[in-house]
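These notes are about the structure you will find just below.
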Amino acid sequence: MAILISFDIDGTLEVGDPPGVLTMEFVRKTQEAGILVGSCSDRPISSQRAIWEKHGIAYDFAVSKHQLPDVKAKFEADVYYHIGDREDLDRQYALAAGFEFFWPDEALGEPWLPLDGKSS
Amino acid sequence: MTTQNAPTSMYRTTEGLGVWEHKGKVAAVGIGHSPTTRRWDGTAENTMGANSIFALRQAIADAGVDPADIDGLVLDPVTTTGAHWPEEQPIPMDVVNAYNQTDDPLDGIAKLSAEWILKNMPELKNVKFTMYGMGCMSHAIVVAAQAVGEGRTHTCLVLKSWHNLEGRYNQSGISATDTVPGTFAMSPGRTLWGAPGSYGTALQFAEYCRKYGKSHDMMAPFMANSRRNGLMFPEGYWAQHRPEALTAEDYLNARWIAKPANLFDNDIPIMVSGAYLFTTAERANDMKQKPVYILNHASSRGAQRSILPTLDEVEAETAETGRKLYEGAGITAADLSFENMYDGFALFHQFHLEGLRFRGMQNGDALDFYQTDISIEGPNPVLPSGGNIGSGRSRFWMHTDCIQQIQGRAGARQITGIKPEIGVSGGPMPMGGNFTVWSASPD
């Protein structure tokens, strides 16, 4: 099963401002499990790319907050998730784009794993 | 000592006043800034009041002045960026009691009186003149300049501080109430129930693009240049915390806040304090830094006919501001080396620029001008401070930069394409603000 996960940065990832609960190692392990990963944030796209590159994570996309529909159009997956810390700028955007949504603390439990035969 | 708001007589608000009677007789010498932070961390050592004391002491030391020689203080007592202390939230008395208090426990945390400053800076034992310039540093500067010119004070500190609390911009205070009276709710940026703060500017900019055949995309070089300048401003937020460029791709892919104003056309609220030391031209000669003379100050008090100013009203007002500035300074647009007009919101900077007739510009020319070399290395530096876009919402980077450029202390940001001899700064709004002409020479 193909899975795509979009990460918000500020308030979600440990490198965010404010820092979130999800570590870069968590993202790396997710990516290494064959899941498509990337960021969807209000940070400039160039700065999102710089964060991934600084941590040596082979990201699949880096987009602005309103561009989740573009991600869905570009990448074929069976399920699309967005993880973020804001009701209005994360959850609402995600649901409107046809993504499923997790809060960062929910994501810590990797709730997508049972769906992914390769990762279980 | 009771501190009053500056009387209207201290502002130069109309044309026809002639050359400012104190032209070249008032100078800025010292500069001080606190570190920036995104929000208050709740500690006593990082309150807005603590930042204020830090910035003031920096400015005093920078000027090389004995604090006992300071006899004036002008500041803005309103320090909110849009963050208000929630009524139900207990006030942290350990923080309050870490300082000498006035009768308002939020003084020094979410507001700032001259009394609080003087109670907590015992070295300012000879301050006899205090006054409020309400609104922002642009306001406080013109009040302080006029006060020194009139002889109310001879060595005057000028201060602007900002607090930003936990939570989101403009979503507490009246914004958190269920009902909002009158037309207040409809005004941009006032409440959750009204339009975003940039809505009015966005409407004016949309009309500007329609009238002159321009587009929002044409703003990208100006935005990239402003952030570049900001990243060379070590006192600023982006340079200190997130040294991120803002490329054309970044800008053009940002989401709309009030189309055609996008995310980056709006600034980021921060905690910061900035201070200057003003004095007479005579006293400035004996101080540590090169004096930067004030040739004039002028204020805009435009009246709009409706809830939002129209493009025509904005263009008329900014042109009048330009004429007032030049008349009082006894200069022309051709004498300007550079400009540092306000940019928060980014989409009104061109109104200020065109009003100044900077480099011969007429209405509708600025976005084409942005496609040329507007860098600090070129002959036409635009917003060398980087403004709020470059360093976060302070409304004072532009003034600091004017002083530093003319003193030759702008570091990596120093203008090299021309000799920085006369600069202009001020704001905030095209329809209402306070503006200053700075010069290397008093003449």
Cβ-Cβ under 9 Å pairs, at least 6 apart or on other chains, the range B:16-34 side of a type in the set (Lys, Arg), far side part of a loop (DSSP other than H, G, I, E, B) and surrounded by fewer than 24 Cβ atoms within 10 Å (Cβ to Cβ): B:Lys23/B:Gly330; B:Lys23/B:Pro442; B:Lys23/B:Asp443; B:Lys25/B:Pro442
Out of B:Thr47, B:Thr102, B:Thr43, B:Thr79, sole residue that is modelled with pLDDT of 95 or more and closer than 19 Å to B:Gly135 by Cβ: B:Thr79
Matching residues in the range B:235-253 - criterion: being under 16 Å from B:Gly390 (Cβ atoms), part of a loop (DSSP other than H, G, I, E, B) and at the interface with another protein chain (Cβ under 10 Å from one of its Cβ atoms): B:Arg242, B:Pro243, B:Glu244, B:Ala245, B:Leu246, B:Thr247
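Only one residue in B:Asp343, B:Asp312 is of a type in the set (Asp, Glu) and outside any helix (DSSP H, G or I). Which one? Even if it seems obvious, please write down each step before you answer.
Details: B:Asp312 fails: outside any helix (DSSP H, G or I).
It is B:Asp343.
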A:Asp17 being within 20 Å of B:Ala254 (Cβ to Cβ), at pLDDT 95 or above and among the acidic types (Asp, Glu): no
Does B:Asn120 satisfy being closer than 26 Å to B:Trp397 by Cβ and over 23 Å from the mean Cα position of the chain (by Cα)? yes
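Any chance the range A:65-73 includes a residue that's under 21 Å from B:Ile257 (Cβ atoms) and in contact with a Pro (Cβ under 8 Å, 6 or more places away or on another chain)?
As a first pass, look at the range A:65-73 and keep what is under 21 Å from B:Ile257 (Cβ atoms): A:65-70.
Of the ones still in play, those that are also in contact with a Pro (Cβ under 8 Å, 6 or more places away or on another chain) are none.
Checking the range A:65-73: not a single residue is under 21 Å from B:Ile257 (Cβ atoms) and in contact with a Pro (Cβ under 8 Å, 6 or more places away or on another chain).
Does B:Ser172 qualify as being assigned by TED's automatic domain parsing to the domain that holds B:His22 and either crowded, with 18+ Cβ neighbours inside 10 Å or within 19 Å of the chain's Cα centre (by Cα) (or both)? First the steps, then the outcome.
Numbers: assigned by TED's automatic domain parsing to the domain that holds B:His22: no; either crowded, with 18+ Cβ neighbours inside 10 Å or within 19 Å of the chain's Cα centre (by Cα) (or both): yes.
No: the conditions fail for B:Ser172.
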For B:Gln404, all conditions in the list (1) part of a loop (DSSP other than H, G, I, E, B); (2) open to solvent by 10 Å² or more (accessible area, probe 1.4 Å); (3) on the phi < 0 side of the Ramachandran plot hold save one; what is the number of the exception? (1)
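Just need a number here: residues in the range B:205-225 that are charged (D, E, K, R) and closer than 21 Å to B:Leu308 by Cα.
From the range B:205-225, those charged (D, E, K, R) are B:207, B:210-211, B:214, B:217; that's our starting set.
Subset that is closer than 21 Å to B:Leu308 by Cα: B:207, B:210-211.
Of the residues in that region, 3 qualify.
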Looking at B:Ile257, is it within 27 Å of B:Ala195 (Cβ to Cβ) and surrounded by 18 or more Cβ atoms within 10 Å (Cβ to Cβ)? yes
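The values are calculated or read from the model by the stated rules, or taken from the named source; none is laboratory data. Quantities reported herein were computed from a predicted structural model and do not represent experimental measurements. No Cβ is skipped: glycine too gets one built from the backbone with ideal geometry, and neighbour counts run over all protein chains shown. For the accessible areas, the whole protein counts, side chains as well, though only heavy atoms, and no ligand, DNA or RNA atoms are used. Shrake-Rupley method; radii C 1.70, N 1.55, O 1.52, S 1.80 Å.
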